[in-house]
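The structure appears below as structure tokens.
Please treat every number below as a calculation from the coordinates, not as lab data. Note that the structure is a prediction, hence the values are computed from the model and not measured. Backbone-built Cβ (ideal geometry, glycine too); neighbour counts: all protein chains shown.
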Amino acid sequence: MSQEPTRARALKQRSRIKSKRPTFRRQESWRYQRVSQVWRKPDGIDSQMRRRAKGWPASAGIGYRGPKTARYLHPSGYEEVVVRNVDDLSKVNSETQAVRIAHTVGLKKRADISVRAEEMHIHILNPLPEEKPAEEEEKAEEAEEAAEAKTPSETPETREAEDKTEMGSEHAEEGAGEVKPEEESKE
């Protein structure tokens, strides 16, 4: 029980230290594009950064390290344990440790591990994605159907065919035996 308050205090202290910690950049990385920003210790004989001259970025040092009790802990406060099968769960302490299922584990075994971990009240850091409820799936299907109904699936050929049938029906309504005045003048 005494371990929980100290662990929580250490996590708060770790986050406070981390917020004040500068981003350590490699010397001259801001000056030359060919030099990456990944930290390297400056070791030149005339290096201002090595000498810790005023106005130069800070170098990484032991004083920026976090508290010992909070090291290697997940931000949730649990110690991470990698699990590859259901039997590995028996070695986990549910009060202080949380489980991360290995990326090589397949979906079927991952589901078995999730069920067993839930029974043992063990926290999983990378759980299975939850399935959508049936209502949401139905709404999504209805939306897709509505979208399909709105978008015309007609092609230009089908439109031309429809236009021809419409024109043919107009001529049939007027009467095939009647001759229009325009047609008489042409003959």
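Give me the extension gain from residue 94 to residue 21: residue separation times 0.36 nm, minus the current Cα-Cα distance, reported in nm with one decimal.
This chain segment gains 23.1 nm when fully extended.
Measure out, as a whole number of angstrom, how far apart the alpha-carbon centroids of the range 21-68 and the range 89-115 sit.
40 Å
Under a point spin-label approximation (7 Å from Cα along Cα-to-Cβ), what is the residue 48-residue 86 distance to one decimal in nm?
6.5 nm
What is the order of 46, 87, fewest Cβ neighbours within 10 Å to most?
Ascending number of Cβ neighbours within 10 Å: 46, 87.
Beyond 13 Å, what share of the Cα-Cα pairs of the range 79-119 remains, rounded to the nearest whole percent?
45 percent
Using R₀ = 45 Å, calculate the FRET efficiency as 1/(1 + (r/R₀)^6) where r is the Cβ-Cβ separation of residue 62 and residue 104; round to 0.05.
Computed FRET efficiency for residue 62 and residue 104: 0.80.
Residue by residue through the range 44-56, what is 3J(HN,Hα) from phi via Karplus (6.51 cos²θ - 1.76 cosθ + 1.60, θ = phi - 60°)? Round to whole Hz and write x for glycine and proline.
x, 5, 10, 5, 5, 5, 5, 7, 6, 6, 5, x, 9
Can you tell me, using C-alpha contacts under 8 Å and at least 6 residues apart, the relative contact order of the range 1-47 as a whole percent?
RCO, the range 1-47: 25 percent.
Report, in listed order, any pair from 12/91; 20/68; 20/54 with a Cα-Cα distance greater than 25 Å.
Result: 12/91 exceed 25 Å.
If you take the beta carbon distance between residue 76 and residue 130 as r and set R0 to 25 Å, what does 1/(1 + (r/R0)^6) give as a FRET efficiency, to the nearest 0.05?
It comes to 0.85.
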